[in-house]
Structure formats: C-alpha cells, structure tokens
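Below you'll find the structure I mean.
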Amino acid sequence: MAGCATNYQDIQSEQYAGAVKSETSEFDDKIKIEGPTLRTTHTVSLLDMYHNAFLIRGWKDKQTGEALGHQIYVRIRYASGSWAFFQSASFEGGKQAEVSRISSDVSSCTAGCTYTEVVGVEITSALLEQHRTNGLRLRINAKSGAHSIIEFPANYIQGYLDAYNQPSWHRDVASRFSLINLLIRKSNTQQFTL
C-alpha cells in the first residue's frame, strides 16, 4: 500500500487556525466551525485508488458559546464495479466508531463507475485534546472490506482547537445579528419620501 499526499506536517498551527471558518445565519441556533480541507490519495492496487477529502468541523450554541460537538467529515471518491459502503471507523489502539452516511453519488459509468461516499465520525473535545500534540489517525472501513486511512497532523488539530475555543465566535455572531435586527427594525419604522 502506498499513499500520496501534500506534506501537511509542515504547515504551522497558526496557519491552520487562520483557515478555520465559521458559518451561521439568522435561521440557525448554532455556529458551524470548520477546519480546512485536507486531501490525500490512498492507493490499494493498480486499479484501486481512494481520493479522500476530509476536515474536522464542530458546532457551538450561538447565544452561549457552549461546545455542541465535533465531527470528522470525510469524502471518499473511488472507481470500482460496485459500492464499498463505508460504515465504521477504527482509531489507533482499536477503538471503533460508527459513521453517519451524509451523502453518496455515482457518476462516470463507462468501464466501471466513479463512486463518492461522504461520511461523518462523531468525536469529542477530549479526543481532540488527547491528540493535540501527536496528531490523529483513523481508518474508515467499508462493508466490502475496503478501507481508507485518514490522518490529521498535530498542527491541524492544535490550530482547529485554538480557533474553535476562541470565546469570541458566539459573541461576534450574536452582536452581528443584533445589529442587523436593529437596522431592520429602524428601516421598517422610518418613512422615506422622494
């Protein structure tokens, strides 16, 4: 087995932290905080290659800033004669976790098809803190017997956690929506004349 990837170990935690983004709207009660996407190719044989795109994302309560959880989000694209059906994750040391199927797609069916499976693995803040200095590796396992290795370097986890733990995420969002609501109320009460 061989793998091909950018050397993500060389990127500093501050650079990862700077690439973390947040997302919410006036319709959400949570803030989604998402680390940058990493990409790797996992070669199983001459014909079997798994193209992985993965990141860590988490959620916080918009009003209180309370941590609501984290997820490893993984998109695996591969060419095959049939679905692999990724269904579980194995962490180093043997700990197992179920995966949530987020989406799946099939395309380019000429001589075999290209399949894409997107799955999520729920993880805790404690697990991330535990791997802050040594990185996190896991294997995504398929019903077919196939698997794909995912690796987050320590700098990624440290940068993600530093950004996620900033107390200003919820205050910034709450203030922004309070200001927007205030401006909307003011504009609704003002009379405009031409």
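Any read-out appearing in this document is the output of simple, stated calculations on the displayed coordinates, not a laboratory observation. The model shown is predicted, which means the values in this text are computed figures rather than measured ones. Backbone-built Cβ (ideal geometry, glycine too); neighbour counts: all protein chains shown.
Note down the net charge around SER148, summing +1 for each Lys or Arg and -1 for each Asp or Glu among other residues with Cβ under 14 Å from its Cβ.
On the way: positive: ARG39, ARG75, ARG77, ARG137, ARG139, LYS143; negative: ASP48, GLU117, GLU151.
Charge balance in the 14 Å sphere: +3.
For labels at CYS113 and ALA97 in the simple 7 Å Cα→Cβ model, what's the distance in nm?
Between CYS113 and ALA97, the simple spin-label model gives 2.9 nm.
Determine the dipole magnitude for region 6-88: charges of +1 sit on the beta-carbon of Lys and Arg, -1 on that of Asp and Glu, nothing else is charged, the reference point is the Cα centre, and the result goes in debye to the nearest 20.
Dipole about the Cα centre, nearest 20: 220 debye.
I need the calculated FRET efficiency for the pair ASP162 and VAL106, taking r as the beta carbon distance and R₀ as 41 Å, to the nearest 0.05.
Working: r = 39 Å, r/R0 = 0.94.
My answer for the efficiency is 0.60.
May I ask for the distance between the Cα centers of region 25-80 and region 145-163, given as a whole number of Å?
Between the Cα centre of region 25-80 and that of region 145-163, the gap is 10 Å.
Positive end of the dipole of region 16-172, charges at C-beta (+1 Lys, Arg; -1 Asp, Glu), about the Cα centre: which of LEU128, LEU68, GLN166 has its Cα farthest in that direction?
Projecting each Cα onto the dipole axis, the largest value belongs to LEU128.
Let me ask something additional. Compare the peptides 50-62, 67-79, 102-114, 127-139 by average per-residue count of other Cβ atoms within 10 angstrom and give them in order, highest first.
Put in order of decreasing packing, that is 50-62, 67-79, 127-139, 102-114.
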